[in-house]
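Novice: Structure below; questions to follow.
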Amino acid sequence: MKSPLLFQNQPAIAISDDKNKILVSPDHGARILRWEHEGRELIPWPENADWSRVKKVRGGNPILFPFVARHYVNGKNEFWQDADGTVRSMPQHGFAVDAKFSVIDGEPENVLRMRLVDSEETRVLYPFAFRFDVVVSLLPQSRLEVRLETTNTGDKPLPYYAGHHFYFAVPHDKRGDWTLNLPCAEWGQRGPDGAVLREKAKEALLHLDDPALIDRFQIQPASSQVTLLNTQNQQQVVFELDHAGAVPWYVVTTWSETPTSDFYCVEPWLGLPNAIHHGEGLRWLAPGATEIATCVLDGSRW
């Protein structure tokens, strides 16, 4: 069932079934705000959220587009340089994260399609014509699908690398109970000026109480599934990353803000930060072409 409502005095849309309730805000970046499974918060949203600074709210699933994370030009953050040498500003995680999306009618009751198109404002930051759809679907058996559909509506190749920023309800004093099964080729950290400092991945089973896991890139995931698991009670969520016809996720980033933050983030990205400059994960979309990036979360055992 899909229904509009007010949530914390803000317009939102609920998608629900007998076990799940998902709240989404098209007006605030097509962001999933909260996912409750059988009354338990899986994707959290704070009760005291500051909606005037929604980019800083720690919860939900911010959508990152056209680029993810930070970008540097001559040591200055939040800038990028094109092939012609023109330098433009770009906010961290892109401009879609707090943009107002339109709701596209005609989808089934379990599906919400939201759309952002280029405008005079976006073309100052990113001089490309595009259509960017975020499609949220509540599937049977407590599975949540989020598709990012990027279309080049212009007449020149379009560079992009979109991503997710999923927050999960993990109490800080229970991090030692949680593992993340995430085999990959390499680990990376952000270095000076946006460089990626990398090393060969040492293990697939990661522990959320390991400080080295915070703000780390797990580059080129080697499995179609990534499992976040509470080893004490077997509570878990499983990411399904490989889907027919979809582009591959280049990196899965892990992050939490402080040692006392009651959340942990697992973030599939199509490219690495600063990829417009170094090329790792940078995608070029031909005029008229569409690419789809699909992520499915199985929350049936949360």
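Novice: Of the conditions (1) in contact (Cβ under 8 Å) with a residue 60 or more places away in the chain; (2) over 30 Å from Glu280 (Cα atoms); (3) open to solvent by 10 Å² or more (accessible area, probe 1.4 Å); (4) more than 15 Å from the chain's Cα centre (by Cα), Pro44 satisfies every one except a single condition; which number is it?
Specialist: The one condition Pro44 does not meet is (4).
Novice: Exactly one of these conditions fails for Gln232: (1) closer than 24 Å to Pro273 by Cα; (2) open to solvent by 50 Å² or more (accessible area, probe 1.4 Å); (3) of a type in the set (S, T, N, Q). Give me its number.
Specialist: Condition (1) is where Gln232 drops out.
Novice: Within the set of pairs 6 or more residues apart or between chains, which connect a residue that is part of a strand (DSSP E or B) inside the stretch 87-98 to a residue that is open to solvent by less than 20 Å² (accessible area, probe 1.4 Å) and not hydrophobic (A, V, I, L, M, F, W, C) with Cβ atoms less than 8 Å apart?
Specialist: That search, which allows pairs on different chains as well, returns Arg88/Tyr126.
Novice: So if I check each of Leu272, Leu297, which one is under 15 Å from the mean Cα position of the chain (by Cα), modelled with pLDDT of 95 or more, surrounded by 19 or more Cβ atoms within 10 Å (Cβ to Cβ) and over 22 Å from Arg34 (Cβ atoms)?
Specialist: When all the criteria are applied, what remains is Leu272.
Novice: While we're here: Every residue in the stretch 211-229 that is open to solvent by 60 Å² or more (accessible area, probe 1.4 Å) and in a loop (DSSP other than H, G, I, E, B), please.
Specialist: Ala222
Novice: Same structure, new question: State the number of residues belonging to the stretch 101-128 that are in a loop (DSSP other than H, G, I, E, B), out of contact with any strand residue (DSSP E or B) (no Cβ under 7 Å at 6 or more places or on another chain) and buried (at least 16 other Cβ atoms within 10 Å of the Cβ).
Specialist: Going through the stretch 101-128 one residue at a time, the tally reaches 1.
Novice: Looking at the stretch 235-269 only, could you name the residues that are β-branched (Val, Ile, Thr) and either more than 13 Å from the chain's Cα centre (by Cα) or surrounded by fewer than 19 Cβ atoms within 10 Å (Cβ to Cβ) (or both)?
Specialist: The answer is Val237, Val238, Val247, Thr258, Thr260.
Novice: Further question: Considering only the stretch 82-91, how many residues are modelled with pLDDT of 95 or more and closer than 21 Å to Gly163 by Cβ?
Specialist: Counting residues in the stretch 82-91 that are modelled with pLDDT of 95 or more and closer than 21 Å to Gly163 by Cβ gives 4.
Novice: So is Leu206 closer than 16 Å to His164 by Cβ and not in a loop (DSSP other than H, G, I, E, B) or not?
Specialist: Taking the combined requirement at face value, the residue does not satisfy it.
Novice: Shifting gears a bit: Search the stretch 246-257 for residues that are modelled with pLDDT of 95 or more and pair each with any residue that is open to solvent by less than 40 Å² (accessible area, probe 1.4 Å) and among the acidic types (Asp, Glu) when their beta-carbon atoms are under 9 Å apart and the residues are at least 6 apart or on different chains.
Specialist: Matching pairs, first to second residue: Ala246/Glu291; Val247/Glu291; Val251/Glu267; Val252/Glu267; Thr253/Glu267; Thr254/Glu267; Trp255/Glu267.
Novice: OK, next. All but one of (1) within 16 Å of Gln141 (Cα to Cα); (2) touching a strand residue (DSSP E or B) at 6+ places or on another chain (Cβ under 6 Å) hold for Glu38, so report the exception by its number.
Specialist: Single failed check for Glu38: (2).
Novice: Scan the stretch 7-14 and tell me whether some residue there is β-branched (Val, Ile, Thr), in a strand (DSSP E or B) and open to solvent by 10 Å² or more (accessible area, probe 1.4 Å).
Specialist: Within the stretch 7-14, one or more residues are β-branched (Val, Ile, Thr), in a strand (DSSP E or B) and open to solvent by 10 Å² or more (accessible area, probe 1.4 Å).
The values are calculated or read from the model by the stated rules, or taken from the named source; none is laboratory data. From a predicted model like this one, the values you see are computed outputs, not experimental measurements. Cβ sites come from the backbone with ideal geometry, for glycine too, and all protein chains shown count toward neighbours. Only protein heavy atoms, including side chains, enter the accessible area calculation; ligands, DNA and RNA are left aside. Shrake-Rupley method; radii C 1.70, N 1.55, O 1.52, S 1.80 Å.
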